[in-house]
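The values are calculated or read from the model by the stated rules, or taken from the named source; none is laboratory data. Since the model is a prediction, treat every value here as computed from it, not as a measurement. In this analysis, Cβ positions are derived from the backbone assuming ideal geometry, glycine residues included, and neighbour counts consider all displayed protein chains.
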Ligand code: ADP
């Protein structure tokens, strides 16, 4: 029953990690629209079209209405949560609903001070500036943002040394929408400058099913509601993955000359791609199996699991663990990670009796 690295190592893990990665792949970003629609074309355009995240949508509706009533820009908004849950999409929807422009950038693209100053100076009143991975801003850029966010002012240092002077320029009243997967890594001065801080959560099964049916409609792919549910079950609570799995199942249906995606067809296709019934891939199972077989289910530190599986500790923590925690296969305690009874059952193993020792 042990999952060994050999054999699988060169083939499946790469295929699966692309298929189940919550990050957008280069291929998806740059897809040839004649061949496969780029991810952006699947984005919902209005809050009504945006599935799930009910509480968050309500907060945003109120923010939009209040801002429109006062004819002001919306308060700066920080969105946090795992990748692929719809943060960029929300920023674009906000712009659409407020009828303003949205400039999209990411912290790694704002290396030099002039990168951010150029963007800030080009903003028009009400515009939305979306900065992805905002926890990765460098100190200089971050410090330029403080007065920009607070007083819509840009402080530029002219000259060097003793003759250096600070010149202040007025900026348009804009809205900064920051997105991060790691809210804890934001400095407090930056965090404190956001009027709204909102978390996105993983999607429920019925919400993912709805997203898949919507995307299937856009792609003109015939699919039954049960077929959409079968894909939703394996989509790791993440719309980006749901849409990606749908596309691969569509390919399979086409090659097998099947007119409609049914649950059987979806399961066959995703089994082939080695995405299991709860959306776990080879590495997820390896992590759980290692924890159970080598560490008697834990508690075990992340580093020990990383060493035993040959995976990078950070990757386990950021890519694999959030979903395993979410579905309750893994738990975090002060003494380390533990595999739950559900994880034993998923791998076809019997949980120790009495159930688990913690
Ligand atoms: P993030 O910025 O959090 O990484 P994105 O906003 O880029 O995620 O969303 C990834 C994809 O998932 C988008 O192309 C969009 O089609 C889809 N998506 C995300 N959230 C939703 C939603 N609530 N309803 C429908 N589709 C969604």
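Here are the numbers for the structure shown:
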quantity	calculated
Residue count, the range 226-245 (criterion: more than 9 Å from the ligand (Cβ to nearest atom), within 17 Å of the chain's Cα centre (by Cα) and not in a helix (DSSP H, G or I))	4
Strands (runs of 3 or more DSSP E) enclosed by the range 157-209 - at least 1 residues per element that are farther than 30 Å from residue 51 by Cα	165-170
Residue among 195, 184, 217, 178 that is within 27 Å of the chain's Cα centre (by Cα), at pLDDT 95 or above and more than 12 Å from the ligand (Cβ to nearest atom)	195
Any hit, the range 181-192, residues being closer than 22 Å to residue 89 by Cα and buried (at least 23 other Cβ atoms within 10 Å of the Cβ)	no
